[in-house]
Amino acid sequence: MAAARVFPDESLRESTQRKLRRFSALRGQHVAPGKFWDVVAITAADEKQELAYKQQLTEKLKRNELPLGVQYHVFVDPAGAKIGNGGSTLCALQSLEKLYGDKWGSFTILLIHSGGYSQRLPSASALGKIFTALPLDITECSGKTSCIIQSIVDSGCFVAAGSVVEYSRLGPDVSVGENCIVSGSHIMTKANLPAYSFVCSVSLKIDGHLKYSTMAFGVQDNLKKNVKILSDIKLLQFFGVCFLSCLDIWNLKVTEDLFSGNKEQLSLWNARIFPVCSSLSDSVTMSLKMLSAVKTKSTFNLNNDKLMSIEEMLMYKDVEDMITYREQIFLEITVNKKQSDL
């Protein structure tokens, strides 16, 4: 009996794998009534996130990555104050009633609340977490190996165990330490990411011009923690280092202009510390130099750069460019796979 005992975590993994296999069997297939939901409704935080979700739905349906014969909808939450899942549910139900009239009451509906900006998953904050890719063998991402998700990684690149690389291009001289997250990035020059780094690049549209900025933190940093007055920002930590010390390393002055948005909630989320650059690769390089300066306690001057907070990145995000970048990587991977099969 003891040999047959199944531990809870093992049981959960097996159950998840069964569900994923069942879902995979439905991809690209016209599902019969009762085999799947009639309607899948997804909520979005704003119009840009709504556009991102709709574009990703369209692409996934083209690739036969979703069950067919299902009605997929994206409903954006009303502008203004956040209404929570309860209010979002009511708005989605009202939208379904407008679309289908009395018939919608007979549908089996899956409602997915995805209107948040993912505090706990910052790499999904720009395009939303609903379409965040999962590795094909989930149990392999247990910290014993690395996970490469829809990325082009040179054979000379080193990615340590426990790290996740998604939607990125990494060159031969890149070394990623253990337990890192790299998302949407382009690194072709020599670079060393310290262990427990989080790096995520965002496309921006500023005054009609395409720009880029890369957020970088320690994976254990608390982006939500906030203080009310400037003299207390010493209580915040960036990569485990006093934030006030980091500002000194970067030659940044402690003023209210250092933070965007609510001046009574000063946090890493709204700290203007990330350079805005003309190219994706430059933005990653700059942010990695910021990290390196903190780790080595050496000076790296940011005082002459245009800086942006994560909060502002989400305001200026260019959804179409980010999706285009992902599509380019996907197409290149597809072509390379076909060539290798031949």
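The values are calculated or read from the model by the stated rules, or taken from the named source; none is laboratory data. Note that the structure is predicted; figures quoted are calculated from it, not measured. Quick reminder, even Gly has a Cβ in these numbers, built from the backbone with ideal geometry, and neighbours come from all protein chains shown.
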Looking at the range 216-230, can you tell me whether even one residue there is out of contact with any helix residue (DSSP H, G or I) (no Cβ under 6 Å at 6 or more places or on another chain), among the polar types (S, T, N, Q) and assigned to a loop (DSSP other than H, G, I, E, B)?
yes
Out of D137, D102, I need the residue that is modelled with pLDDT under 80 and loosely packed, with under 13 Cβ neighbours inside 10 Å. Which one?
D137
If you take the residues of the range 278-292 that are closer than 15 Å to S203 by Cβ and among the small types (G, A, S), which of them is surrounded by the fewest Cβ atoms within 10 Å (Cβ to Cβ)?
S278
When only residues in the range 296-314 that are surrounded by 15 or more Cβ atoms within 10 Å (Cβ to Cβ) and either at pLDDT below 90 or in contact with a Pro (Cβ under 9 Å, 6 or more places away or on another chain) (or both) count, which is nearest to Q55 (Cα to Cα)?
L314
Are any of the residues in the range 207-228 exposed (fewer than 12 other Cβ atoms within 10 Å of the Cβ) and in contact (Cβ under 8 Å) with a residue 40 or more places away in the chain?
yes
Could you look through the range 169-195, keep only residues that are without any contact (Cβ under 8 Å) to a residue 40 or more places away in the chain and not in a strand (DSSP E or B), and pick out the one that is farthest from C147 (Cα to Cα)?
K190
Exclusive hit being in contact with a Ser or Thr (Cβ under 8 Å, 6 or more places away or on another chain) and modelled with pLDDT of 80 or more, set Q29, Q55, Q17
Q17
Just give me the residues in the range 304-342 being farther than 19 Å from I152 by Cβ and β-branched (V, I, T), in sequence order.
I310, V319
Please verify whether D341 is of a type outside the set (V, I, T), modelled with pLDDT under 90 and closer than 20 Å to I187 by Cβ, treating the condition exactly as stated.
no
